[in-house]
Amino acid sequence: MRKLFNRNRKLYHYIILIFLVISFNFFLPRLLPGNPLVNIMGEDISLLTMEEREAVIERYNLNDSIFKQYTTYLRNLVTLNWGTSYSKKQPISSVLWAAAPWTLLLAFSNLVISTLIGIYLGTKAGLKRRKKEDVYLLSGISFISSMPSFWLGMIFISVFSVNLGWFPIYGGYSMWQNYTGISKVIDVLRHLFLPLSTLVILSISNIFLPMRYALIEVMGEDFVFMAKAKGIPQSIIRYKYIVRNALLPVFTVFMLRVGYIFSGSVVIETVFAYPGLGRIMYDAISTRDYPLIQYSFLLISLMVILSNYITDLLYPLIDPRVVNQHENT
Amino acid sequence: MEPILKVEELKVWYGEKCKGDIIKGVSFDLNLGETLGIRGRSGSGKSTIAWAVMGMMSHLKGGMEGSILLDGKNIGNLTEKEYKKVRWKEIAIVPQAAMNSFHPMMKIKDSIGEILKIHCKITDKKQMQDKCEELMEIAHLDKKVLSYYPHKMSGGMKQRAAIAMALACEPKLLILDEATTGLDVLTEAEVLRVVKNLQRRNNMSILLISHDPRLVEVLCDKTIYIEEGVIVDHSTYHEADLLEAKAV
Amino acid sequence: MKTLKNLCKSEEKLGLIGIALLVFFLIVALLAPTIAPFDPYERVGKSFDTPSSIHLLGTNDIGQDIFSEIIYGTRFSLSLALLASFIAIVLGVLIGVISGYFQGVWESFFMRLTDFILIIPFLPLVIIISAYFSGSFKNLALVIGLTAWPSTARIIRSQVMRIRSKDYILNLKAMGGRDSYILKRHILREVLPIIVYRFMMMANSAILIEASLSFLGLGSPTIKSWGTILYYAQVRNAFLTDAWVWWILPPGICISLLSVAFLFSGYYVESRLNPKV
């Protein structure tokens, strides 16, 4: 019973967050200084004819009370009636639905790969504390993480695509070829390789640093010292005692990181002209297509909240004590 | 009779040797089935002796010299690998920080089971469960504590679980380092009774480290009093205690 | 023991490298007009010129000297990083201290707010806000500062909560010590190293965020910053030609060096802070 309540409480927490994000998205353009019409439709408003302008005002109910506007907004949101992007000349929802899978592919492969590498290297450095290896890993990874992502991406394109010709220069797939089956998969992977590598290289430090830190902290704990006094073999102490316990704080960092994974893809997708949400957002910014910016922001935020909710549910798998607590109460 | 533990001219230091010793040449011996009390103020180096006997100085970033004879065999110069076989099978310890000495994500039965598996080569599930339950009984703990995680247990429970764990392989020598500090009087008496019974049953020798003269008086056959790394007294009550008693 | 000494040295070394780099960039920023051979806002050569003894790193699409652009860019990037982190730190410390020390209603309000901002994807948030403002220096600093404080607030809050339950603070309170006195004399003093460390970390990411924003075209197109140099290089497809070597590499290296300089200085502060780590 209690377990059910706890899970539900988490769910309520996330539902409130979703509601807040949705409302934030509505109020931001309306509360900012300036003409809301401009804030909502973008600067191209001056190019519109009187009738088009009327249509926009009609569409967003700008003459109604803010409350009426809000309920209309909510209704349109739920019914996926998100309006039309005037820069893409397509319904916003279909533009975004087409882009979302690419971002998910990029972001989640990055999350998984960079986390695994980060944990591996963090363990290596932490266990070798006070040795050269640790200092090299620490300074090397810090330096790499201080490089701007788009810049590294540009360099990769120059070196690997333009000069060496190993990888395609842009896009998520070959637009002019009709690949099917396995060759299609290979084509997508070839396009994925460079943007993914850039993201992975830059994301390693986000897990590496906490892992190394947590490991050093755990190594100083009494129970690790006692394990040695108990004559437990070194390898068991390392993995079952030290690494296992260091993973706990790292997992909470990981949970926070889930929220950041889509951040990186905005910039990287722009550099590689990758057809995901980030690229859409960039296109929308450069044409000041505000409705499109807003809805891509909303979609990214919702995906983040959902991923956070999922990781929250996964937490008991990492920490058995959480489950045990529920069982006993 | 050949003593079970014979320590001669033990010198122990932390950090580098040149920085000076914590223990400056201590010798004592302990007979089979007897209890030796080590007393002294905090910081006098009592616990250091315990860790030196356990061969843990290298893990404490220190070193030692002198001989430690366990059952006539010098264990002071064993390598880390050889020492791993001595620890817990022949010498076990209930440390001062017993509260924090459990793996926080392992149930008590898994912690004890791990030791049984590594040192006593017990792999059979049933046999392991029986042994764990027996140990719980010895330490006066309920069987269901076996499936607890440490964070759910009170200080007294953890202390007794630590004793159960120390007795898992029926060691020849048990070191109790302030094992009952922090327990309330009733629990303390309970724990001590358990230990005393066991000593009689297994003919086990005990090194009891405590700041408390009452405890040492009740439990020990012999006592040494350590001050600044040397033995200054062999009587149960040291002059410092008498002074303190007067002051109170 | 020898390795331990080496380690202290190597961490100190990293710190010294960081501080040396910071000083270097500071000098470049201050003396930009003297060091730069040309005015970066003027057309001084033909477009897309390759490096020569006159134009060390060639010229850009409208014939401006790239080397001078980078020198002047130091001013913008460095001062923006400092101002943005300053805003974020002041907010983070204020909110962290208030919710950690006084607790009560404010704490739950601020912590909800921090949760909320932390869960929104950071860069998209900054982008959507910047999209509504012009990318002036002041606006960029404000946008970054106003969105980057929550992590600092969290850390400061937990530290203040730890310190305020220490015996001596409780004693001070029992003796009637005023909150403002305790806060100023004791709590702030204890968290000061953490504040310095967080400042370094903030500056490290502020530089990268500014570069990303400018690169996405959300900065000011007329101001010379390292990010905008790269923005124009991207727009003109410099990475598809040989120009990437002198047009794209140098500003990126500057961004990385300045950003890592803050990070290394931060490590130095941290190693002083926590002897165990």
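The values are calculated or read from the model by the stated rules, or taken from the named source; none is laboratory data. The structure displayed is predicted, hence computed values, not measured ones. Because the Cβ atoms are built from the backbone with ideal geometry, glycine has one as well, and the counts that use them run over all protein chains shown. Only protein heavy atoms, including side chains, enter the accessible area calculation; ligands, DNA and RNA are left aside. Shrake-Rupley method; radii C 1.70, N 1.55, O 1.52, S 1.80 Å.
On a 0 to 90 degree scale, rounded to 10, what angle separates helix B:155-166 from the longest Cα axis of chain B?
Relative to chain B, helix B:155-166 is tipped by roughly 90 degrees.
I'd like the distance between the alpha-carbon centres of region B:180-212 and region C:200-221, rounded to an integer number of Å.
65
Mind listing the long-range amide H neighbours of B:Thr35? Cut-off is under 5 Å, sequence gap 5 or more, other chains count too, H placed in the peptide plane at 1.01 Å from N.
HN-HN under 5 Å from B:Thr35: B:Ile206, B:Asp221, B:Lys222.
Amide H of B:Val230 versus every other amide H placed in the peptide plane: which residues, excluding those fewer than 5 positions away on the same chain, fall under 5 Å?
Amide H neighbours of B:Val230: B:Lys24.
Per the Cauchy relation, a quarter of the hull surface: what is the mean projected area of the convex hull of the alpha carbons in region A:69-154, in nm²?
Result: a mean projected hull area of 9.6 nm².
Give the whole-number value, in cubic angstrom per residue, of the convex hull volume spanned by the C-alpha atoms of region B:105-217.
So the per-residue hull volume is 105 Å³.
Choose one of C:Ile35, C:Ile144, C:Tyr268: the residue whose Cα lies farthest towards the positive end of the charge dipole of chain C (beta-carbon charges +1 Lys, Arg; -1 Asp, Glu; about the Cα centre).
The one lying farthest along the dipole's positive direction is C:Tyr268.
Cα atoms only, region A:98-328: Rg and Dmax in Å?
Using the Cα atoms of region A:98-328, the pair Rg, Dmax is 20.8, 67 Å.
For the protein assembly as shown, what is the calculated [θ] at 222 nm in deg cm²/dmol (nearest 500), taking -39500 (n - 2.57) for each run of four or more DSSP H residues and dividing by its residue count?
When only DSSP H runs of four or more count, the value is -20000 deg cm²/dmol.
Report the residue, chosen from C:Phe24, C:Phe262, C:Phe199, that carries the largest GNM mean-square fluctuation when chain C is represented by alpha-carbon nodes joined by springs under 10 Å.
Sorting by GNM fluctuation, first place goes to C:Phe24.
Which number do you get for Rg(Cα) / (2.2 N^0.38 Å) in the protein assembly as shown?
After normalising by residue count via 2.2 N^0.38 Å, the value is 1.16.
Using DSSP to call loops (not H, G, I, E or B), can you name the trypsin sites (Lys or Arg not before Pro) in region B:104-162 whose Cβ has at most 15 other Cβ atoms within 10 angstrom?
B:Lys121
Read phi for every residue in region C:205-221 and hand back ³J(HN,Hα) as whole Hz from Karplus 6.51 cos²θ - 1.76 cosθ + 1.60, θ = phi - 60°, with x for Gly and Pro.
7, 4, 4, 5, 5, 4, 4, 4, 5, 4, 4, 7, x, 9, x, 8, x
Once phi is turned into ³J(HN,Hα) by the Karplus curve 6.51 cos²θ - 1.76 cosθ + 1.60 with θ = phi - 60°, what whole-Hz value does each residue of region B:186-200 show in order, with x for glycine and proline?
5, 4, 4, 4, 4, 4, 5, 5, 4, 5, 4, 4, 5, 4, 5
Give the dimensionless ratio obtained when the Cα radius of gyration of chain B is divided by 2.2 N^0.38 Å.
Normalised Rg, Cα atoms only: 1.01.
Sort chain C into rounded, prolate or oblate with this rule: let a ≥ b ≥ c be the square roots of the eigenvalues of the Cα gyration tensor; rounded if a/c is under 1.5, and if a/c is not under 1.5, prolate when a/b is larger than b/c, oblate otherwise.
prolate
When only alpha-carbon atoms count, how far does region B:6-133 stretch along each of its three principal axes, as whole angstroms with the largest first?
Here the Cα extents, ordered largest to smallest, are 51, 32, 28 Å.
Separation of region B:74-100 and region A:163-218 by C-alpha centroid, Å?
Each part reduced to its Cα centre gives a spacing of 49 Å.
From the phi angles alone, apply the Karplus equation (6.51, -1.76, 1.60; θ = phi - 60°) to region C:119-134 and give each ³J(HN,Hα) in whole Hz, x where the residue is Gly or Pro.
7, 6, x, 4, 4, x, 4, 4, 5, 5, 6, 4, 4, 8, 10, 6
Considering the dipole of region A:98-328 built from charges on the beta carbon (Lys and Arg +1, Asp and Glu -1) around the Cα centre, which of A:Leu199, A:Gly264, A:Ile305 is farthest to its positive end?
Result: A:Leu199.
Can you check what the net charge comes to around A:Asn178, using other residues whose Cβ is under 12 Å from the Cβ of A:Asn178 (Lys, Arg +1; Asp, Glu -1)?
Summing Lys and Arg as +1 and Asp and Glu as -1 gives 0.
Which parts of region A:7-26 would a label at A:Leu77 reach, counting a residue when its backbone N lies under 14 Å from a point 7 Å out along Cα-to-Cβ?
What the label zone holds, given the 14 Å backbone N cut-off, is A:15-26.
Of the heavy-atom accessible surface of region A:223-304 (probe 1.4 angstrom), what whole percent is carbon and sulfur?
For region A:223-304, the apolar C and S fraction of the accessible surface comes to 67 percent.
Would you mind checking which residues have amide H under 5 Å from B:Leu5's amide H? H placed 1.01 Å from N; only 5 or more apart, or other chain.
Those lying under 5 Å, H to H, from B:Leu5 are B:Leu30, B:Asp71.
Averaged per residue, what accessible area in Å² does region A:98-328 show with a 1.4 Å probe, protein chains only?
On a per-residue basis, region A:98-328 sits at 38 Å².
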